[in-house]
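Chemist: Here it is: the structure, laid out below.
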Amino acid sequence: MFYPTSTESKLKHYTQVFPTAEIDSTFYAFPQPGTVMGWNRFSPRDFIFCAKVPQTVTHDKLAEIGPSLESELDRFARLMLPLNNSGKLGCLLLQMPPKYKYDLKHLESFLSILPHGFKYTIEFRHKSWLQESTWPLLSKYNVAYTIVDEPLLPPEVHVTADFAYIRWHGHGQRPWYDYHYTEKELESWAPKVKEIEPLVKTTYGYFNNHFHGYAVENALKILQMLGKLSPAQREALNRAKAHLEKGKGAEGLGEWVRGGDDRPKIIDFLSSLMGDSMLARALAIPDEDVSIKIATDEKIVAKIRDYQLTMDFGPKTIIHDCGDWERSIETRQLCKHVGKVLLSLPEKIALGWVSQIHEDTDAWLFQKPISKTIAS
């Protein structure tokens, strides 16, 4: 199975084509219990999720193996139980920080406290781990080595569990995942995948190069190369190719993220909060269409085209009046106008807003102006 990375907001858009999703929404914070129940309830019966363990575990509390770290692990495991109990959880991804260097003793201490009853894959991002003594330890705990294609590590293949896990991040500049794999690059991976498959029960593969719709096209393309493309997927591949040929991707993304150190993070959050298609539409709105009246950490007041936007951090409210906002109130996704205003703010202020909204989206009130509500 080889499919694009996804957040919960995008899940419904490709369940008819892809039977699994890698949930990246847990990268920054724990998902809400209701969100996990929704994934379980509204996904197809045979759908499989793989979820990234939050950074509070893999980054913030990793240094000291002890009760605090175990508590965070147990908390996340409890959240994932509905998926695990229904057979919809493939594995949990442990993406380690780039500064985490080779230390077998610490790694074993960490692996030994992982909650039982789950499968795990670990993604190292420091070259020091690429040595022979690493693989037996992972095999001891049946933890898969995450095979990666990215700028930091060579694309080495190591099988250390009864399943395999591959992540194609891309080789873009900022961010890496603003990248389109060529057919030649994908062809070089086909024999590696074929080599892995007989050694494991399941092979998970995810493309993280999701901007412009690249992940969808690349995932379907490698399935075609492996002779695994279904009729529905073949039709989806043709649509993906047509989409890319028309150039309907997130125009201006590469230029926008080069403007500052926080910009890739802002894009990452917005991608989760509104989906890549809506993000592309936000980026396409001309800057002159936005008028910012107030822009602080506590309040935003802006006009975009003929629409008004007020965001208040105290009561956690977002009040807007465009047509798409009606749907946003139900789907809990930001519309293109809200996205464009956030993209127009000073970077530090924008990062503060998007990170807080992402951390607990359910706590925010998506509202229409009172006058609009009465008129309707």
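Chemist: Any idea which residue in the range 316-335 is farthest from Leu273 (Cα to Cα), counting only those that are within 19 Å of the chain's Cα centre (by Cα) and at pLDDT 90 or above?
Modeler: Cys335
Chemist: Of the conditions (1) assigned to a helix (DSSP H, G or I); (2) under 20 Å from the mean Cα position of the chain (by Cα), Asp74 clears all except one; give me its number.
Modeler: Tallying (1) assigned to a helix (DSSP H, G or I); (2) under 20 Å from the mean Cα position of the chain (by Cα), Asp74 fails exactly one: (2).
Chemist: For Met96, all conditions in the list (1) within 16 Å of Ala63 (Cβ to Cβ); (2) at pLDDT below 95; (3) open to solvent by 20 Å² or more (accessible area, probe 1.4 Å) hold save one; what is the number of the exception?
Modeler: Of (1) within 16 Å of Ala63 (Cβ to Cβ); (2) at pLDDT below 95; (3) open to solvent by 20 Å² or more (accessible area, probe 1.4 Å), only one is false for Met96: (3).
Chemist: When you look at Ser355, is it surrounded by 18 or more Cβ atoms within 10 Å (Cβ to Cβ), at pLDDT below 95 and under 22 Å from the mean Cα position of the chain (by Cα), yes or no?
Modeler: Here the answer is no, as Ser355 does not meet what is asked.
Chemist: Hey, can you tell me all the residues within the range 317-352 that are open to solvent by less than 40 Å² (accessible area, probe 1.4 Å) and more than 15 Å from Lys303 (Cα to Cα)?
Modeler: Thr317, Asp324, Ser328, Gln333, Leu334, Ile349, Ala350, Leu351, Gly352 - these are the residues of the range 317-352 that are open to solvent by less than 40 Å² (accessible area, probe 1.4 Å) and more than 15 Å from Lys303 (Cα to Cα).
Chemist: So in the range 183-204, with the set limited to residues that are among the hydroxyl-bearing types (Ser, Thr, Tyr) and within 20 Å of Pro19 (Cβ to Cβ), which one is surrounded by the fewest Cβ atoms within 10 Å (Cβ to Cβ)?
Modeler: Residue satisfying both the conditions and the ranking: Thr202.
Chemist: For the range 114-129, which residues satisfy the criterion of being closer than 14 Å to Glu70 by Cα and exposed (fewer than 13 other Cβ atoms within 10 Å of the Cβ)?
Modeler: His116, the sole residue that qualifies.
Chemist: May I pose another question? Quick check, is Thr56 surrounded by 14 or more Cβ atoms within 10 Å (Cβ to Cβ) and either at pLDDT 95 or above or acidic (Asp, Glu) (or both)?
Modeler: Taking the combined requirement at face value, the residue does not satisfy it.
Chemist: Hey, can you tell me all the residues within the range 291-318 that are part of a strand (DSSP E or B), charged (D, E, K, R) and under 18 Å from Gln333 (Cα atoms)?
Modeler: Residue satisfying the conditions is Asp312 alone.
Chemist: Under 8 Å between Cβ atoms, which residue pairs at least 6 apart in sequence (or on different chains) link something in the range 264-293 that is in contact (Cβ under 8 Å) with a residue 40 or more places away in the chain with a partner that is in a helix (DSSP H, G or I) and open to solvent by 50 Å² or more (accessible area, probe 1.4 Å)?
Modeler: What qualifies is Gly275/His13.
The values are calculated or read from the model by the stated rules, or taken from the named source; none is laboratory data. Not measured: the values here are computed from a predicted model. Cβ atoms come from the backbone with ideal geometry, glycine included; neighbour counts cover every protein chain shown. Each accessible area value is taken on the protein alone, full model and side chains, heavy atoms only, with ligands, DNA and RNA left out. Shrake-Rupley method; radii C 1.70, N 1.55, O 1.52, S 1.80 Å.
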